[in-house]
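Scroll down for the structure; my scribbles are underneath it.
The values are calculated or read from the model by the stated rules, or taken from the named source; none is laboratory data. Computed from a predicted model, the values in this text were never measured in an experiment. With ideal geometry, Cβ positions are generated from the backbone for all residues, glycine too; neighbour counts draw on all protein chains shown. These accessible areas exclude ligands, DNA and RNA; they are computed on the full protein's heavy atoms, side chains included. Shrake-Rupley method; radii C 1.70, N 1.55, O 1.52, S 1.80 Å.
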Amino acid sequence: MQTPTPITRALPVIVRFEGLRLRPYMCSAGVWTVGLGSTRYADGRPVRATDPTITREHAYALAIEQLRRDYLPAVLRLCPGIDNYDRLAGVLSFTYNCGVGAL
């Protein structure tokens, strides 16, 4: 069994709030989005309306990479007092959904 991490604990919450959509869609903020709320692909390209459908695995990989690269470092920097993985996962999920600026 895999050891839980803040990212693996945050993913179910992210799925609950973001949902999983394999075709590009316009999110409520007016940004083209795909998967679990990703607005960019791993190579940095923005999601476009004409992009092909992605797989569930690709959607999760995009979210995990974005969490690892962008959101977890920001949360750790801005909230150094978080004292356990569950709290960290909750703040990480919030930040993924609302953005670092909202944190």
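Just to be sure I understand the curve: with the Debye formula and one point per C-alpha of the chain, what is log10 I(q)/I(0) at q = 0.21 Å⁻¹? Ignoring solvent entirely, the Cα scatterers give -1.09.
Accessible surface comparison of C79, C98, probe 1.4 Å, protein chains only, largest first: the order is C98, C79.
When nucleic acids and ligands are ignored and a 1.4 Å probe is applied, E18 ends up with an accessible area of around 50 Å². For the chain, relative contact order (Cα pairs under 8 Å, six or more residues apart, normalised by length) works out to 30 percent. The figure for L76 is an accessible area of roughly 90 square angstrom, using a 1.4 Å probe on the protein chains alone. Ordering T53, T8 by accessible surface, largest first, gives T53, T8; the 1.4 Å probe counts only protein heavy atoms, with every chain in place.
Using alpha carbons only, how many degrees (0 to 90, rounded to 10) separate the axis of helix 56-66 from the longest principal axis of the chain? For 56-66 against the chain, the angle is about 50 degrees.
How would D86, D51 rank on accessible area, largest to smallest, probe 1.4 Å?
Solvent-accessible surface, decreasing: D86, D51.
Probing with 1.4 Å while keeping every protein chain in the model, the per residue accessible area of segment 24-69 equals 57 Å². The charge dipole of segment 47-103, taken about its Cα centre with unit charges on the Cβ atoms of Lys, Arg (+1), Asp and Glu (-1) only, comes to about 100 debye. In the chain, the DSSP-assigned H stretches of four residues or longer account for a calculated mean residue ellipticity at 222 nm of -13500 deg cm²/dmol, using -39500 (n - 2.57) per stretch and the full residue count as denominator.
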